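> Mind looking over this structure? Questions follow.
Just so it is clear, none of the values below were taken in a lab; they were calculated from the coordinates. Please read all numbers here as calculations on a predicted model, not as lab measurements. Glycine also receives a Cβ, built like all others from the backbone with ideal geometry; neighbour counts cover every protein chain displayed.
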Amino acid sequence: MARREADREDLMAEATALRERAELVVEGCPEPIVAGFRDGGNWSVYFGADPVYHFDPSGALRRAFAGGHMYRSQGQTLARLNRSRTDTAVDLVRHDLEPGELAEFLSTMELRLADLKSALDRGTAVIVRRVPENFDVEARLIIEIEKSLQKQLSNSIKKR
């Protein structure tokens, strides 16, 4: 991945951890959407370089990148992680979202997911590329988005 999140050029080519992935064009979205699935069932959707949402197999949000900030699930909320860079180090400054901030974040995410699902349901999402070529991205995404719209946050992410 790019050193800086905004430096991504070809998400389809970069997202090699997503064994099944597709690039879609949806009316009203200024950039192509890349969505895909990892071997373990986790899945991600990139609405251009920002926002990006990462989900666990149950559909719960694990991590996100939105509005120039990184987020991770943290108990009953999300933690916003801001990078503070110097010439010698990168520090993460953590802020646990307050209930109002969390509600706004989730509402925005749910709206984006619902719009994508609607385009898939209507058949107006255009598949530009897919890996592998026979990957039925439309059907799989509809199922996973439905799960994610019913689930909220994954358990806290633990360091390995």
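> How would you rank 11-18, 50-57, highest first, on the average number of other Cβ atoms within 10 Å across their residues?
On the way: 11-18: 16.2, 50-57: 19.4.
Ranking, from highest mean packing down: 50-57, 11-18.
> Would you mind working out the magnitude of the charge dipole of the range 14-160 relative to its Cα centre, with +1 at each Lys and Arg C-beta and -1 at each Asp and Glu C-beta, to the nearest 20 Debye? Please report the intermediate quantities before stating the final value.
Working: 21 positive and 22 negative charges, 125 e Å.
I would put it at about 600 debye.
> Here's a follow-up. 222 nm [θ] for the chain, helices only, -39500 (n - 2.57) per DSSP H run of 4+, per residue, to 500?
Working: 3 runs with 42 residues, N = 160.
That comes out to -8500 deg cm²/dmol.
> Could you go through the range 13-24 in sequence order and give the Karplus-derived ³J(HN,Hα) for each residue, using 6.51 cos²θ - 1.76 cosθ + 1.60 with θ = phi - 60°, rounded to whole Hz, and x for Gly and Pro?
Values per residue, Gly and Pro as x: 6, 6, 7, 5, 5, 7, 5, 10, 8, 8, 10, 10 Hz.
> On a 0 to 90 degree scale, rounded to 10, what angle separates helix 99-122 from the longest Cα axis of the chain?
10 degrees
> On C-alpha positions alone, give me the angle between the axis of helix 137-150 and the longest principal axis of the chain, in degrees, nearest 10.
Long axis of 137-150 versus the principal axis of the chain: about 40 degrees.
> While we're looking at this one, here's another question. Run the simple label-point estimate for Ala89 and Asn155 please: 7 Å along Cα→C-beta, distance reported in nm.
3.2 nm
> Sticking with this structure for a sec: Hand me the GluC sites (Glu not before Pro) from the range 87-160 located in a DSSP loop with no more than 11 other Cβ atoms within 10 Å, in residue order please.
Numbers: sites: Glu101, Glu104, Glu110, Glu133, Glu138, Glu144, Glu146; in loops: Glu133.
Qualifying residues, ordered by number: Glu133.
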